[in-house]
1. Across region A:234-251, what is the total count of residues that are surrounded by fewer than 17 Cβ atoms within 10 Å (Cβ to Cβ) and in contact (Cβ under 8 Å) with a residue 24 or more places away in the chain?
2. Suppose we filter A:Val209, A:Val197 for residues that are away from every other protein chain (no Cβ under 12 Å), buried (at least 22 other Cβ atoms within 10 Å of the Cβ), within 19 Å of A:Thr8 (Cα to Cα) and not small (Gly, Ala, Ser); which single one remains?
3. Scanning for something in contact with a Ser or Thr (Cβ under 8 Å, 6 or more places away or on another chain), touching a residue at least 24 places away in the same chain (Cβ under 8 Å) and under 23 Å from A:Arg244 (Cα atoms), does region A:86-101 turn up at least one residue?
4. Against the definition (touching a helix residue (DSSP H, G or I) at 6+ places or on another chain (Cβ under 6 Å), assigned to a helix (DSSP H, G or I) and either within 14 Å of chain A (Cβ to nearest Cβ) or at pLDDT below 80 (or both)), how does B:Leu30 come out, yes or no?
5. Looking at (1) within 19 Å of A:Leu130 (Cα to Cα); (2) crowded, with 19+ Cβ neighbours inside 10 Å, which one does A:Gly66 not meet, given that it meets all the others?
6. Grab the strands (runs of 3 or more DSSP E) fully contained in region A:110-181, keeping just those with 3 or more residues being under 30 Å from A:Leu70 (Cα atoms) and in contact (Cβ under 8 Å) with a residue 40 or more places away in the chain.
7. Considering each residue of region A:78-89, count those that are surrounded by 23 or more Cβ atoms within 10 Å (Cβ to Cβ) and farther than 24 Å from A:Gly42 by Cβ, and give that number.
Amino acid sequence: MSKVMVVTSGKGGVGKSTTSASLGAALAQAGQNVVLVDFDVGLRNLDLIMGAERRVVFDLVNVVQGDAKLAQALIRDKRVETLHLLPASQTRDKDALTEEGVERVINELRERFDWIICDSPAGIEKGATLAMRFADLAVVVTNPEVSSVRDSDRIIGMLDSKTLRAERGETMEKHLLLTRYDPARAARGEMMKVEDVLEILAIPLLGVVGESPDVLTASNLGCPVTLHNPSSPAAKAYADAARRLMGETVAVQVPAEKRSFMDRLFGRKAAAA
Amino acid sequence: MSIFSFLARKQSAPVARDRLQVLLAHERALDGRSDIVAQLQQEILAVIAKHFPIDQDKVVVKLDRSQRVSTLEIDIEMPPETSARA
């Protein structure tokens, strides 16, 4: 059965596209048929993060408006053959997407893919509401920072009221993915801890991705971090999150401060939840 | 400034958490209320208007939600006796 998953946050720059690409690639590596749909019309970027920017011919708007067939617009990943991308268009027309058109495309994608990952634009405007409209579940990407947490709270409210599932009275499955977490700063009381954010937002935790230079390296190269550097802690966090999405029980590893020599010597365990 | 002032420096993360908890409790209450309260106000007004001529602004509906107590406050200012229908 196919699942439509929106990756959303409200605030920009918290890592929605990075998360869409990394989770999508991890799911595809696990043998799932995955399509990433970029809903950020006018400011597409998922193509760049996926390294497919030179292969875009048709896009989501062309398919929604009936100017191209779905098969013409889908870009198959060169590294993982079960991974596909449906890019956004660069048009400035805000009303290029219609609810009926998006519904038709999503339904068509449901026939071909196990996972339809909708990469939401920032904000709470039409693009963001359409990206979540037909979702079965949501990944809320949040940084441990006040404005990001507040915007995530707002988005959670929208997921519970503006989606088709919510309107039908069905529950909307929501997962928190905390990104850019710095365990050393959290330990010093300079950054909210995982528990603080969880307590405030009160949705289940899908994973914690630590602040990592590997993420920027991966996007520089146009390759999701889960493919480019699978042994990096960020890639492992995304791969574990993907396994949880597939229903496996995997304990969440909270990035820990690097242990000092003395700690290692005495075998002290770093805090992990 | 004392050289020990860094010891007394307050950690900022608990402040962030507390500010968010207060703010979001307020914003969540506002969010749910906009529709329900407007609807309540309309319906209450309609019921009263059956019996008394009443000013739109004389019915005030307030909904407050906090962690422990939620209150629904309805304030209706009745017209003076003389204007009531016999």
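The values are calculated or read from the model by the stated rules, or taken from the named source; none is laboratory data. Predicted, not measured: the structure shown is a model, and the values here were computed from it. All Cβ positions, glycine included, derive from the backbone under ideal geometry; neighbour counts span all protein chains shown.
1. Step one: list which residues in region A:234-251 are surrounded by fewer than 17 Cβ atoms within 10 Å (Cβ to Cβ), which gives A:243, A:246-251.
Narrowing further to those that are in contact (Cβ under 8 Å) with a residue 24 or more places away in the chain: A:243, A:246.
The number of residues fulfilling the criteria is 2.
2. On the way: A:Val197 fails: away from every other protein chain (no Cβ under 12 Å).
Within the list A:Val209, A:Val197, the selection yields A:Val209.
3. First, pick out the residues of region A:86-101 that are in contact with a Ser or Thr (Cβ under 8 Å, 6 or more places away or on another chain): A:96.
Keeping just the survivors that are touching a residue at least 24 places away in the same chain (Cβ under 8 Å) gives A:96.
Within this subset, residues satisfying the condition of being under 23 Å from A:Arg244 (Cα atoms) are none.
Among the residues of region A:86-101, not one is in contact with a Ser or Thr (Cβ under 8 Å, 6 or more places away or on another chain), touching a residue at least 24 places away in the same chain (Cβ under 8 Å) and under 23 Å from A:Arg244 (Cα atoms), which makes the answer no.
4. Numbers: touching a helix residue (DSSP H, G or I) at 6+ places or on another chain (Cβ under 6 Å): no; assigned to a helix (DSSP H, G or I): yes; either within 14 Å of chain A (Cβ to nearest Cβ) or at pLDDT below 80 (or both): yes.
For B:Leu30, the condition - touching a helix residue (DSSP H, G or I) at 6+ places or on another chain (Cβ under 6 Å), assigned to a helix (DSSP H, G or I) and either within 14 Å of chain A (Cβ to nearest Cβ) or at pLDDT below 80 (or both) - is not met.
5. Exception for A:Gly66: condition (2).
6. Details: elements: A:115-119, A:137-142, A:173-181.
Where strands (runs of 3 or more DSSP E) fall fully within region A:110-181 and carry at least 3 residues being under 30 Å from A:Leu70 (Cα atoms) and in contact (Cβ under 8 Å) with a residue 40 or more places away in the chain, they are A:115-119, A:137-142.
7. Adding up the residues that qualify gives 1.
Per-residue answers, yes or no, for (1) at pLDDT 95 or above; (2) farther than 21 Å from A:Leu177 by Cα; (3) not aromatic (Phe, Trp, Tyr):
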| residue | (1), (2), (3) |
| --- | --- |
| A:Ala21 | yes, no, yes |
| A:Ala26 | yes, no, yes |
| A:Leu46 | yes, no, yes |
| A:Arg76 | yes, yes, yes |
| A:Glu81 | yes, yes, yes |
| A:Asp93 | no, yes, yes |
